[in-house]
Amino acid sequence: MVLWVFGYGSLVWNPGFDFDEKVIGFIKDYKRVFDLACIDHRGTPQNPARTCTLEAKEGELCWGAAFSVRGGHEKERLAMEYLERRECEYDHKTLVDFYKEGDSSKPYVTGVIVFTSTPDKISNKYYLGPAPLEEMASQIATAVGPCGNNRDYLFLLEKALFDIGHEDDSIIELANEVRKELRLTGRPKEIKLSGPHIPLKSHISPLHLLPLTEAVATDS
């Protein structure tokens with residue numbers, strides 16, 4: 001038995017558990033959205049952060065990383081216990097097909113676990129739902145929790161996707177809007193992206209990366 005987990009948010013850059021293999025790739029028919037509340041890492045119950053969840057959408061690809069855990073039941077148990085504590089705002093563990101970078105014809109692994117959330121405010125208290133871009137940016141720019149600023153989570157995700165060569169236009173757009181909010185109170189420190197720039201996928205009104213702010217990967 002081998003445990004596989006797909007990461008599309010902070011797991012991409014900060015898995016936090018003992019794994020044996022990390023593979024860059026994607027899952028089909030899911031879109032990454034900032035519609036989930038976080039009240040214990042990057043936000044509080046009074047001022048929740050916005051973090052990633054997945055929205056089912058036919059034809060979409062969600063890039064990230066799959067992690068394998070080998071070595072027996074005890075190692076798998078420890079990894080899942082850690083992930084279930086960390087991903088406590090997600091109310092579902094969904095099994096998906098994972099496709100390795102460079103081969104979209106057949107799954108690299110089937111039955112990969114991905115943490116998802118019910119998109120329903122009545123049954124899922126952590127689901128915030130979509131909001132106008134400016135409203136989401138304002139919330140992300142100001143939310144803070146025990147693990148740091150909500151904005152750092154977003155900027156680290158933007159950088160992680162850049163580093164694996166698969167930027168997400170919607171993440172770049174949201175991050176740039178947050179930077180506009182932050183400039184109202186003073187320009188944050190900048191860090192440089194590493195590696196060559198990869199052109200965005202969108203051919204309509206292409207977005208451009210603005211400098212990333214300095215952040216520390218300490219959360220889920």
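Take the conditions (1) touching a residue at least 60 places away in the same chain (Cβ under 8 Å); (2) under 26 Å from residue 142 (Cβ atoms); (3) surrounded by 16 or more Cβ atoms within 10 Å (Cβ to Cβ); residue 89 misses just one of them, which is (1).
Given the residues 99, 90, 153, which is the only one that is among the aromatic types (Phe, Trp, Tyr), under 29 Å from residue 1 (Cβ atoms) and not in a strand (DSSP E or B)?
Being among the aromatic types (Phe, Trp, Tyr), under 29 Å from residue 1 (Cβ atoms) and not in a strand (DSSP E or B) holds for just one of 99, 90, 153, which is 90.
Among the residues making up segment 99-122, those that are without any contact (Cβ under 8 Å) to a residue 24 or more places away in the chain and closer than 23 Å to residue 45 by Cβ are 120, 121, 122. Quick check on residue 72: is it surrounded by fewer than 20 Cβ atoms within 10 Å (Cβ to Cβ), touching a Lys or Arg at 6+ places or on another chain (Cβ under 8 Å) and not charged (D, E, K, R)? So residue 72 fails the test.
Yes or no, residue by residue, for (1) under 18 Å from residue 147 (Cα atoms); (2) surrounded by fewer than 17 Cβ atoms within 10 Å (Cβ to Cβ); (3) of a type outside the set (A, V, I, L, M); (4) in contact (Cβ under 8 Å) with a residue 60 or more places away in the chain:
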{"residue": "19", "(1), (2), (3), (4)": "no, no, yes, yes"}
{"residue": "58", "(1), (2), (3), (4)": "no, yes, yes, no"}
{"residue": "78", "(1), (2), (3), (4)": "no, yes, no, yes"}
{"residue": "82", "(1), (2), (3), (4)": "yes, yes, yes, yes"}
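Residues considered: 194, 170. Of these, the only one that is hydroxyl-bearing (Ser, Thr, Tyr), modelled with pLDDT of 95 or more and surrounded by fewer than 21 Cβ atoms within 10 Å (Cβ to Cβ) is 170. May I ask you to say which residue of 94, 116, 51, 44 is in contact with a helix residue (DSSP H, G or I) (Cβ under 7 Å, 6 or more places away or on another chain), under 30 Å from residue 130 (Cα atoms) and among the polar types (S, T, N, Q)? On inspection, the qualifying residue turns out to be 51. Among the residues of segment 82-134, those that are of a type in the set (D, E, K, R) and over 20 Å from the mean Cα position of the chain (by Cα) comprise 103, 106, 121. Here is the figure for segment 4-54: residues that are part of a loop (DSSP other than H, G, I, E, B) and β-branched (Val, Ile, Thr) total 2.
The values are calculated or read from the model by the stated rules, or taken from the named source; none is laboratory data. These numbers come from a predicted model, not from an experiment. In this analysis, Cβ positions are derived from the backbone assuming ideal geometry, glycine residues included, and neighbour counts consider all displayed protein chains.
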